[in-house]
Amino acid sequence: MTPQPRSILGKERYFVMEGDLVKKCQSGKSVSYRFFLFSDQLVYTHRAFSGEYKVHKQLLLSVLRCEDIDDNPTAFRILHPLKSFAVTAESPQAKTQWVRVLSQTANTARPKPSELNLDEGASSEGPEPQTEEEDLERRSSIILTENERRSSVNL
């Protein structure tokens, strides 16, 4: 069964930025992906023959970090429990923008200590995996209209 295209935007999610980054795979191969940064997740995609973007992976920002690669002026690491990898931007300026905006957006997406449920009976090993994690593994088409892009917040 072919997944139906769906809008990725919801009530609480807004579009932040997008751009092409080259991902270094474990095999050593470099692959260009289109990255979409939303208020709560980073999505990287490839362009299908139909022209739509097909989701390769969705990563929740609440547990994502990015880290500079000092000896490369255009590269940085994206660190996430589901997937971590290095990417290269087209220029040092693009790298600086991605690292700054991704870090700011991820910090905003993290729960504040006052929002955490710290019941006495809760495990100290962290929260149970949420059903949204299963949803993040699902591949689908993204439809992001120009109106959705224009009405979104840009940092």
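The values are calculated or read from the model by the stated rules, or taken from the named source; none is laboratory data. All values derive from a computational prediction rather than experimental measurement. Counting neighbours? That spans all protein chains shown, and the Cβs are built from the backbone with ideal geometry, glycine included. The accessibility values were calculated without ligands, DNA or RNA, using every heavy atom of the protein model including side chains. Shrake-Rupley method; radii C 1.70, N 1.55, O 1.52, S 1.80 Å.
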Just name the residue that is modelled with the lowest pLDDT out of those in segment 1-41 that are aliphatic (A, V, I, L, M) and not in a loop (DSSP other than H, G, I, E, B). VAL31
How many residues are under 13 Å from the mean Cα position of the chain (by Cα) and open to solvent by less than 30 Å² (accessible area, probe 1.4 Å) when one looks only at segment 83-108? 7
Could you list all residues from segment 58-95 that are modelled with pLDDT under 95, in contact with a helix residue (DSSP H, G or I) (Cβ under 8 Å, 6 or more places away or on another chain) and among the charged types (D, E, K, R)? ASP68
Does segment 83-96 hold any residues that are closer than 16 Å to LEU37 by Cβ, in contact (Cβ under 8 Å) with a residue 60 or more places away in the chain and not in a loop (DSSP other than H, G, I, E, B), and which are they? PHE85, VAL87, ALA94
Just need a number here: residues in segment 70-82 that are surrounded by 15 or more Cβ atoms within 10 Å (Cβ to Cβ) and outside any strand (DSSP E or B). 2
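Answer yes if at least one residue in segment 14-21 is open to solvent by less than 70 Å² (accessible area, probe 1.4 Å), in contact with a Ser or Thr (Cβ under 6 Å, 6 or more places away or on another chain) and closer than 21 Å to PRO111 by Cβ, and no otherwise. Full working, then the answer.
Start the filter on segment 14-21 by keeping residues that are open to solvent by less than 70 Å² (accessible area, probe 1.4 Å), which leaves 15-19, 21.
Okay, now just the ones that are also in contact with a Ser or Thr (Cβ under 6 Å, 6 or more places away or on another chain), so 15-16.
Still in the running and closer than 21 Å to PRO111 by Cβ: 16.
Checked against the condition, which is being open to solvent by less than 70 Å² (accessible area, probe 1.4 Å), in contact with a Ser or Thr (Cβ under 6 Å, 6 or more places away or on another chain) and closer than 21 Å to PRO111 by Cβ, segment 14-21 yields at least one hit.
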